[in-house]
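Presented below is the structure to which this report refers.
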Amino acid sequence: MSSPLTLAPATGGQRPRRLLVVLGGALIVATYLFLVTVQPAEIAGGMGSVASLVTLFGFLGGGALLVAGILPMLSTSSLVVMPLGIALNIAIGQIAGSLGMQIYLDAIGTVLVAVLAGPAAGAATGALSNAIWGLFNPFALPFAAGAALIGLLAGLAARYGAFRRVYLAPVAGLVVGAIGGLVAAPVAVFMFGAAGTFGTNAIIAVFRSMGDKLLVAATKQGLLSDSLDKIVVFVVVALIVYALPPRAVRQFPFARTHRVLGGRTGALPAPSPVKAAHGGGSGVA
Amino acid sequence: MITLESASFAYDDGTTLLTDVALAVGPGEYVIVAGASGSGKTTLARLLAGQTGGDAGSSFRGTITLDGETVRFDGVPTDPRIDASVWSAKVAYVAQGAWGQLSMMSATVGEEIAFGPANHGVPADELRRLVGDVAAALGLGDLLHRDPRRLSGGQLQRTVIAAAVVQRPRVLVLDEPFQGLDEHAAQDVATALEDLRRDGTGIVVCGPLMPRTAPQGARVLALAEGRRVFDGPLAEAHRAGLRRYGIGIAGDPPRTAPPAPVDPTAPVLVTMEGVGFRHAPDSAGGRRTSDGASARKVRIGVGPGVRRTRDGGGSRRPPDGATAGSGLTGVDLSVRAGEIVAVRGPNGSGKSTLLQHLNGLYRADTGQVTVGGVPILRQPTGTLATTTGYLFQDTDQQLFERTVLREVAYGPRAAGVGKDEALRLAAEVLDRLGLGASKASHPYELGFVQRRLVAVACLVATGSRVWALDEPTAGLDEPTRALLAGLLARHAGEGGAVVLATHDAAFADAVAHRTVRLDAGRIRAGDADLPRSGSSP
Amino acid sequence: MPRRRIYDPLTELLAAVLLVVLVLVVDRWQFSLAVLVLVVVPAVLLSGRARQIGLAITLVAGPLLISSLLLHGLFYPEGRTVLADLGVARVTAEGLTFAVRMGLRMAVFTGVLLTAAMTLDLPDLLASMTHRGWNRKLVFIVGSAVGLIPHVALRGHRITRAQQARGLVVGRSPLSRIRALLTVMTPLVIGLLVDASERNRMLEARGFSSSVARTSYLPDTDSHRQRLARRGMVVAVAVFSAAWLVVAP
């Protein structure tokens, strides 16, 4: 029955442009490998035009290719949460500030989108988030590829069950944060000579005073601070998604099909024994 | 033109609604779908809009016929899926709550209205003509260059309607389009709808109450617990005794006993003496307007770049005229234990500002505020929560727990009550308010009215002596209005005091001992202690 | 008085990005300084909002410059010319030079991009992207995210007030702060998701999934000449960069 009022039987969304995604990923990996293994000769301390150009074009171009490859496959339901994630990333700094928090927590939106809508949406949210942030703070711009990686990894972690138990979330956060820190370090070094906040620079100074090269010192610092930040972010996101109404979670095909939250919510509506065992936790019958 | 025949609609949690309900809407017709909370109004509106819910785990059995073409649903996964874009060109839908219906990417009302046709690739000249026509029809001509995110409630609602009808649909379905609007804004929206109807658009308006007046020939479809209980002209509906189904008439007083007289020797619980207050000129929340309906008028300021990107560069967008609510000037008020005081006044007159002085959210610049014997000075706002219970106009800002029971137990817990005792207290209050069955539900999975009741339950359970309620009756159905009136009377009877800000004259007259009128931040001279109308002292 | 818009936002953004690329390619402090003094400063002064842009540049770049100076000025193990030995830290000429050159680069980077971004009219940029036929999903995400930021901040602020009214008191311990963050974040995220699911339906109803080219209500500020100019600029910078990197010492 082909009525003009109805849609043809589900054909699914558009296929991702795999070539673009692969190219983008490859460019980011190649850039990273180039920067850490070849370590352009002139950068005893981190200055140099080749290194910074490669950083800028490799990571930004890679991020752009990823986004271009991912966007066509996103459903409208993923699409509408991405601006929300981006706005949360940028605005939470302020709320955190007004509550007197000491950490940045600038990836809560990215991780939230990744958990609900999957790794692809998470990666695009991360990349675009930093690109938009660049309009108010240009220093965020070159870190777009790193942010995309955080979103991608958070989505993969969610897919394989890292958000089914509260105690798994910080473990995933630690791992993702460490990887994120590794990737962010060369950007900071080659673009800005590892300039950061006073806090992060103090840590770098400690390693430098022990004789480490700038890239090594920045990498160690990245491993430390990013892991801590992501542990907190992952736990906060886990607690938020556990508190969401089940119906809100269920509207996301990714969260539903991969049972991202385990038995808590997002399970199919039938009163399954799993849901009864773990649901709510209030103990009220 | 559109005919809905519903055999049943089952939600994923097992609730079944709209059993054997049929509705046909023709050109130029005006249909009011009225029913208490949970009666299936929104479900019906969504079905008309072609949202049959197959993707949300619910199942619909029945048929919808649009322009002679019938689509049949059997509640199975192989049911046809409606092409929302084609459907909406014929049947436009305006859901509850305008924010979700803004694209958020338009910097002007004009762009927002043009969003739909632009998606279909309508050329620029044609776009401008379409937008101009619709704007003229809905009285938005002067607002085309304004930022839709900074409009007042009534303007925003008309913008959303304009964006829905720009493709000239044959039928327009609206779910509670008047909720949260003051009289003036509601009148603007009603006029706009009437103009559309005269041009031949069929209009369906869903709401908890029947309106007192409606366009000539308006029909009422009354629903109760998912079934049809009445179908006929409005005048007949008024006389059909629909109150037994929880369907009241807008502007009717709630059914409640007149308030018990106040003991003139009772202790004074609230004193405001010469309170003056000015909103900070540029803080994000400091310029919160005083009335929720227009709370969106707040001028928004976030980090240095954001505003700039919007109004930088062009003179195309004049600064918007949205004004913050006035502060307060020389406000004196005293409320005794056992007394209920209503605060009334137009939008922006400072009602919410006054209320928020009672729980320390705002601190008086001059003068003094004392609540429950405690002068409000510099103590953290959170520590005053046990003294003053505050009901916000937008309930959804208050709730955050995973279950209704934990939500209601939060107040007593914060006040230092032990966990088990708090849960017991919460359960008791919920039973009293008829929410016993929802204890384990997530607050946000309840309907609007129940969510509102949960927020009220939080106040009751916390046991604060002073209640400050901001527009407590907005969007409520008849039974809940009466329940709320009873709760207020009981609280007063137990020695509490209530101050409520409201547009709802009938409710204020029925429950309050006296009404205070605010105008531009001042208590209007002459009737500061106006006895409630229609009752002898 | 705001500056009158002459060029399409895409042209302006591209010019800014190419200027940054040039600074990186040339990598001479004289050139960086020249760009800063001859391009950024006049652009800021002529923007019509010199004060705000100047303030923003200072706020964004200032702390970075200072902490960079401290880091490299005091800790630069590669440095040989020691100017002052402070025990743990050593002030070296190489470190100071490095800090100054990096600082200059960062100042140009911030100055150029922030000036371009802050004089940008975002609706015009979105319209221009639409007219150029960019992916409508991208245009939606960018426009909607920027539109949501103030809304999210405001809503967060209101929720904080509402929670204070219910008894939220933020303590000093990190745990108490995380709890406070959660009591604010949870209703915030729920509210935004509820809006988003309604917006999802709205987008479907308004034909957002349509595959025809999207049009824009705002006029196109682009022209054939500017398109040519953009291509020209890209080619010129690419050729120059290649030549410079090969020929330059």
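At-a-glance table
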read-out: Degrees, to the nearest 10: B:419-432 long Cα axis against longest axis of chain B; value: 60
read-out: Convex hull per residue volume in Å³, alpha carbons only, for the protein assembly as shown; value: 172
read-out: Under DSSP loop assignment and at most 11 Cβ neighbours within 10 Å, longest trypsin sites (Lys or Arg not before Pro)-free interval of chain B; value: B:1-211
read-out: Other-chain or far-sequence residues with amide H under 5 Å of residue B:81's (modelled H); value: A:7
read-out: Fewest-first ranking of A:133, B:99, using other Cβ atoms within 10 Å as the exposure measure; value: B:99, A:133
read-out: Cβ-based exposure ranking for B:343, C:26, B:374, in which fewest neighbours within 10 Å come first; value: B:374, C:26, B:343
read-out: Nearby aspartates and glutamates by direct alpha-carbon distance to residue B:419 (threshold 17 angstrom, same-chain neighbours under 8 apart not counted); value: B:401, B:407, B:428
read-out: Charge dipole (the range C:25-106, unit charges on Cβ, about Cα centre) - positive-most of C:52, C:104, C:34; value: C:52
read-out: Exposure proxy order (Cβ contacts within 10 Å, fewest to most) of B:67, A:226, B:519; value: B:67, B:519, A:226
read-out: Chain C: DSSP helices with Cα axial extent of at least 27 Å and average Kyte-Doolittle hydropathy no lower than 0.5; value: C:50-74, C:93-118, C:174-205, C:224-247
read-out: Long-range amide H partners of residue B:497 with built H, under 5 Å; value: B:338, B:466, B:467
read-out: 0 to 90° range, to nearest 10: angle between helix B:153-165 axis and chain B longest Cα axis; value: 10
read-out: Counting all C-alpha pairs of chain B, share separated by more than 43 Å (%); value: 21
read-out: At R0 = 45 Å, FRET efficiency that the Cβ-Cβ distance of residue C:41 and residue A:178 yields, to 0.05; value: 0.60
read-out: Projected label distance in nm at residue B:236 and residue B:383, using a 7 Å step from Cα toward the beta-carbon; value: 6.4
read-out: Chymotrypsin sites (Phe, Trp or Tyr not before Pro) within the range B:168-261, DSSP loop, no more than 11 other Cβ atoms inside 10 Å; value: none
read-out: FRET efficiency for residue A:160 and residue C:132, using Cβ-Cβ distance with R0 set to 45 Å, rounded to 0.05; value: 0.70
read-out: For chain C, built as a Gaussian network whose Cα springs stay under 10 Å, the top-fluctuating residue of C:51, C:199, C:172; value: C:172
read-out: Residue A:18 paired with residue B:216, simple spin-label distance in nm, labels 7 Å along Cα-to-beta-carbon; value: 6.7
read-out: Label-point separation, residue B:266 to residue C:239 (7 Å along Cα→Cβ), nm; value: 8.9
read-out: Rounded FRET efficiency, nearest 0.05, which uses the C-beta distance separating residue B:120 from residue C:231 and R0 of 22 Å; value: 0.10
read-out: Selected from B:399, A:91, C:208, residue furthest toward positive end of dipole (the protein assembly as shown; charges at beta carbon); value: A:91
read-out: Lys/Arg +1, Asp/Glu -1 at C-beta; chain B dipole; positive extreme among B:157, B:116, B:457; value: B:457
read-out: DSSP-defined beta bridges in the range B:2-245 - what % are antiparallel, rounded to 5; value: 60
read-out: Under Karplus coefficients 6.51, -1.76 and 1.60, residue-wise ³J(HN,Hα) of the range B:351-359 in Hz, glycine/proline x; value: 4, 5, 4, 4, 4, 6, 7, 7, 10
read-out: Rounded to 10°, Cα long-axis angle of helix B:404-414 versus longest principal axis of chain B; value: 20
read-out: Percent RCO, i.e. relative contact order, over chain B, from Cα pairs under 8 Å lying at least 6 residues apart; value: 16
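Values quoted throughout were computed directly from the atomic coordinates according to the rules given, and no laboratory measurement underlies them. Just so it is clear, the model here is predicted, and its values are computed rather than measured. Don't worry about glycine lacking a Cβ; one is built from the backbone with ideal geometry, like all the others, and counts go over all protein chains shown.
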